[in-house]
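Written below as structure tokens is the structure these notes are about.
Where a number appears in this text, it was derived from the coordinates with a stated rule and is not lab data. All values derive from a computational prediction rather than experimental measurement. Cβ sites come from the backbone with ideal geometry, for glycine too, and all protein chains shown count toward neighbours.
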Amino acid sequence: MEQKLIGLLLGDEEDWPSAFEMLAERLKKPLKYRRKNFQIEVDRIRIHPFNLRDSTRYDLVIDRLAYWHFNPREWLKKTALINNVYLLNNPFSFQSMEKHSAYCAMIRLGLNIPETILVPSKIGPDSTKYPATSAKYHDLFDLTEVAKELKYPFYMKPFDGGGWRGVSKVRDEAELARTYDESGQMLMHLQAGLEDYEVFVRSLAIGPQVSSFHYDPEQPPHGRYVIDHQFLDQQKGREAQIITKTINAFFRWDFNSCECILKDGILSPIDFANACPDIAVTSLHYYFPWAIKALMAWSIYCVVSERSMRITMDIEKYFKIADSDRSYEEKLAAYEKMADKHFETKRFEEFRGTVLKDLDEIMWELVQTEEFNQMIAQTVRGMFPEHEHDEFIAHFQGLLKHWVDSENF
Ligand SMILES: Nc1ncnc2c1ncn2[C@@H]1O[C@H](COP(=O)(O)OP(=O)(O)OP(=O)(O)O)[C@@H](O)[C@H]1O
Ligand SMILES: [Mg+2]
């Protein structure tokens, strides 16, 4: 029996990790793959001072910290480079390819990224030398003139970003001046706003598994994912999924979300560098079981098939297609082929349908347990004010019950 250890590198969240552990517990019987038996274990990682040559017990790490914190990020890089650990996500490309680079790369691939302008930060770094240095390469500029390339309202948001930090809708020149003053040391983009759109779609992707959800950013966080199965026609639904898969294969991201806005029949990706995105039960509710199953399936596939971590990117192959005279649709088809090759989609699907054929039913049973309901209750108690506890516990348990009823076993 070969043991494979999945490590969780977590922030303050308890909900999805508990659900993931409960599911792993129920999958305890050995998995048979290519005449070998595997035992999957899950464990929460703690980071101590480490020697760069240290070995590790982990085969794969699902990480929710590295985008924000240095120590876990550097530990992860060590485990990839020294110990061949498979990482969800790739900290190397997330560090070098933040929002800005991701916009540039996807513009080059021909995706419909809204017009985006980078402006120097309002205030430079705290260094006595900065004014002299800055004068060597910055000219004074008129922000109102620069913004004339875009129509009001547009968005001002950090070139790296995450969690809506520093994102503002700018409605007129006065607001532009004020928002820019407030942006301080952050390096900002001005981005054309897609208003009065047909639909906002957020696709969640884990390996080759992509699900696109109707999303309403105007709602408070617990109400943004809308339960709606018919909000995109089949063609646009496919397009949203191919775009997401392409972005993730291109950047070597295994766990990411991609936000697209459909306006006047054009699907525009606006935010798609979201390392290890939020999958809290209070955000995803009805779709939460999908995410937990997808995370489990891809993690198990990677460790059992001994898929190796793809640290480096393969940009030139994509650019070759991008720079050809193929149409947008032909390019997407070619990118999808490359993405499926990268994610071993066919092989994974076969694995999911055979080795992991029980996973759907096990999750379905798990969601109906008292243990799962307690996890929801505890999450709500940690997040909402006391007078809302009963209401929201019933709300989320009700949505999960709705999911149970809609799955047929
Ligand atoms: N170009 C745009 N057109 C229309 N709406 C936009 C645009 N850019 C951003 N927004 C709105 O602002 C929200 C936050 O922006 P964005 O997603 O880029 O920031 P973020 O910090 O990466 O958010 P998160 O990481 O939480 O997804 C979006 O969900 C969307 O509602
Ligand atoms: Mg976003």
Cα pair distances exceeding 15 angstrom across segment 2-96, given as percent: 63
Dmax and Rg, reported as Rg then Dmax, of segment 115-192 (C-alpha, Å): 12.7, 37
Label-point separation in nm, D360 to R165, each point 7 Å along Cα→Cβ: 4.0
Peptide ranges 352-363, 41-52 listed from the most packed, as the mean C-beta count within 10 angstrom indicates: 352-363, 41-52
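Between Y130 and K346, what is 0.36 nm times their sequence separation minus the Cα-Cα distance? Round to one decimal in nm.
On the way: separation 216, 0.36 × 216 = 77.76 nm, distance 5.31 nm.
Fully extending the segment from Y130 to K346 adds 72.4 nm.
Place a +1 charge on the Cβ of each Lys and Arg in the chain and a -1 charge on the Cβ of each Asp and Glu, then give the dipole magnitude about the Cα centre in debye, rounded to the nearest 20.
Values: 50 positive and 63 negative charges, 406 e Å.
Around 1940 debye, computed over the chain.
How about segment 131-240: which trypsin sites (Lys or Arg not before Pro) there are in a DSSP loop, with at most 10 other Cβ atoms within 10 Å of their Cβ?
Of the trypsin sites (Lys or Arg not before Pro), the ones in loops of segment 131-240 whose Cβ has at most 10 other Cβ atoms within 10 Å are R165.
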Phi to ³J(HN,Hα) by Karplus 6.51 cos²θ - 1.76 cosθ + 1.60 over segment 276-289, Hz, x for Gly, Pro: 6, x, 4, 10, 4, 5, 6, 9, 7, 5, 3, 8, 4, x
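Show that you can apply the helix-only estimate: for the chain, add -39,500 (n - 2.57) for every DSSP H stretch of four or more residues, divide by all residues, and state [θ] at 222 nm to the nearest 500. Present the calculation step by step, with values, prior to reporting the outcome.
On the way: 16 runs with 178 residues, N = 409.
That comes out to -13000 deg cm²/dmol.
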Acute angle (nearest 10 degrees) that the helix 234-251 long axis makes with the longest principal axis of the chain, alpha-carbon atoms: 90
Near-label residues of segment 273-293 by backbone N, under 18 Å of a point 7 Å along Cα→Cβ of K401: 282, 285-289
Contour excess over end-to-end distance, with Cα ends at Q219 and R326 and 0.36 nm allotted per residue: 34.6 nm
Ellipsoid semi-axes in whole angstrom, largest first, where each is sqrt(5λ) of the Cα gyration tensor of the chain: 36, 25, 23
Share antiparallel - DSSP beta bridges, the chain, percent rounded to 5: 70
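Treating only the Cβ of Lys, Arg, Asp and Glu as charged (+1, +1, -1, -1), what charge dipole size does segment 115-192 show about its Cα centre? Round to the nearest 20 debye. If you can, show how the numbers build up before the last one.
On the way: 10 positive and 12 negative charges, 42 e Å.
Computed about the Cα centre, the dipole is about 200 debye.
If each residue of separation counts as 0.36 nm, what is the full-extension length gain between E370 and Q39 once their alpha-carbon separation is subtracted? The partial results should precede the final answer.
Values: separation 331, 0.36 × 331 = 119.16 nm, distance 2.58 nm.
Extra length from E370 to Q39 when fully extended: 116.6 nm.
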